[in-house]
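Beneath this line is the structure, given in C-alpha cells, with notes to follow.
No lab work stands behind these numbers, since they all come straight from the coordinates. Not measured: the values here are computed from a predicted model. Here the Cβ positions follow ideal geometry from the backbone for every residue, glycine too, while neighbour counts run over all protein chains shown.
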Amino acid sequence: MLYQISGKQIDVGSALRTHVEEELGSAVEKYAERPTDANIVFSRSGHEFICEATVHLSTGLTASAKAHANEIYAAFDGCCDKMEKQLRRYKRRLKDHHKERAEPVEVFGASTYILASDQDEGESEPDTLQPIIIAEMESKIPSLSVGEAVMQMELAGSPVLIFRNEGKDGLNVVYRRDDGNIGWIDPAQ
C-alpha cells in the first residue's frame, strides 16, 4: 500500500511516519484484501491535533476517518480506530450478502462546480440568474449496485452519493434523510 503522510504547518517526523504505516497497515490489511493507497493529513486547530485519513480499496470504495486529540499520536490512534471500525462493517456486509466483486468498480468522469453563495442581503433581486462559478474540478462517478452505493456513502461519511446503477445503467442518488433513514432516487428512463 502506498502512503502519503503530510502535515499542514506541522513537521511529520520519521517516528510518526513509521507508527502510521505500521498501525494503519495492520488495521487495513486485517479487513481489506487489496488496499491501494492511503492519504493521512495532520493539522492543528488551537490546542488540538487533527488527523484525517482516506484509504482507497482496489474495489473502488473509499473509506475516510477523522479524529482530534490533545496529542498527535492520540489523534492518529482515534482516526485509525474509526477506520478499522468502518472497514470491519464493510467486510461484515460483504460476508452477509455473500457477494464479492471480482473486478474493480468502473468509474466515469464528471465535472464538479462550486458556486458562489448569495451573501448580499441589501439586494432584493439578483442582476442575473446565472450563478458565479468559484471553482471547477473533476469527479468520478462509480458504477455500483444500490447496496454498494449506500455502503460507499457511509464509508466516506458523506450525506449524498451519485452513482451509476449497475442494474439499470442510469444515474441514481442515495442520501441520508433528516430522520436517519437512507433515501434513494431512481429516475424514470
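Here are the numbers:
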quantity: Theoretical FRET efficiency, 1/(1+(r/R0)^6), r = Cβ-Cβ of M137 and D186, R0 25 Å, to 0.05; calculated: 0.40
quantity: Estimated inter-spin distance, R89 and R17, nm [label 7 Å along Cα→Cβ]; calculated: 3.3
quantity: Sequence-distant residues sharing a close amide H with S58 (under 5 Å, placed H); calculated: R34, T36
quantity: The chain, dipole about Cα centre (Lys/Arg Cβ +1, Asp/Glu Cβ -1), debye to the nearest 20; calculated: 1040
quantity: Structure-derived Kirkwood radius over Cα pairs in Å: which label, when the choices are (1) 18.9; (2) 19.5; (3) 17.1; calculated: (1)
quantity: Anchor K91: lysines whose Cα lies under 29 Å away (excluding residues fewer than 8 positions away in-chain); calculated: K30, K66, K82, K99, K140, K168
quantity: Nitroxide proxy distance, nm - points 7 Å out along Cα→Cβ at Y113 and V173; calculated: 1.6
